[in-house]
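Enquirer: What follows is a single structure, and I will ask about it in a moment.
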Amino acid sequence: LALKGDQTLIQLTLINLLENAYTATARPEVADKRIQFRLRARASAVEFEVEDSGIPMPTHVRDHLFEQRQSTWGGSGVGLASSQRIAIAHGGKLTFREEPGAKIFTLSLPLLYEEPGALVSERSAHV
């Protein structure tokens with residue numbers, strides 16, 4: 001797969017999402033400590049999905065998730081606001097959704113060239 005964009009910035013974004021998932025699941029009140037990373041190659045884009053089983057995100061945090069603010073967790077310094085700007089600058093998007101027992105971030109980026117078909121491949125890994 002060939003992605004459009006700056007490899008270093010894309011890597012920083014993925015590292016930020018994985019660090020956030022680790023921080024969320026490392027909390028002592030989280031019994032089921034689970035992080036899952038999925039990669040889906042679609043016809044014209046690739047999706048990187050980071051899912052964690054950390055505590056649910058409060059509404060007041062979720063409502064301002066992609067706004068610039070200082071890290072309170074001592075993360076990579078990239079932050080979700082910067083990660084979203086990187087995704088948009090690469091013609092993609094960064095989204096968030098919650099399901100019972102899971103918080104899921106999806107980074108979607110366009111491929112350098114388009115492949116015919118809806119789903120090219122899918123990979124999944126548990127961390």
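Enquirer: Among the residues of region 44-56, write down those that are open to solvent by 30 Å² or more (accessible area, probe 1.4 Å) and modelled with pLDDT under 90.
Expert: Ser44, Ile55, Pro56
Enquirer: Among the residues of region 69-76, is there at least one that is open to solvent by less than 50 Å² (accessible area, probe 1.4 Å) and modelled with pLDDT under 90?
Expert: yes
Enquirer: Within region 93-107, which residues are open to solvent by 20 Å² or more (accessible area, probe 1.4 Å) and small (Gly, Ala, Ser)?
Expert: Once the filter is applied, which keeps residues that are open to solvent by 20 Å² or more (accessible area, probe 1.4 Å) and small (Gly, Ala, Ser), region 93-107 yields only Gly101.
Enquirer: Now for a separate question. Restricting the search to region 1-35, which residues are of a type outside the set (Val, Ile, Thr), open to solvent by less than 30 Å² (accessible area, probe 1.4 Å) and modelled with pLDDT of 90 or more?
Expert: Within region 1-35, Leu14, Asn16, Leu17, Ala21 qualify.
The values are calculated or read from the model by the stated rules, or taken from the named source; none is laboratory data. Every value quoted in this text rests on a predicted model; they were computed, and no experiment measured them. Side chains are part of the model used for accessible areas, which takes the heavy atoms of the whole protein and leaves out ligands, DNA and RNA. Shrake-Rupley method; radii C 1.70, N 1.55, O 1.52, S 1.80 Å.
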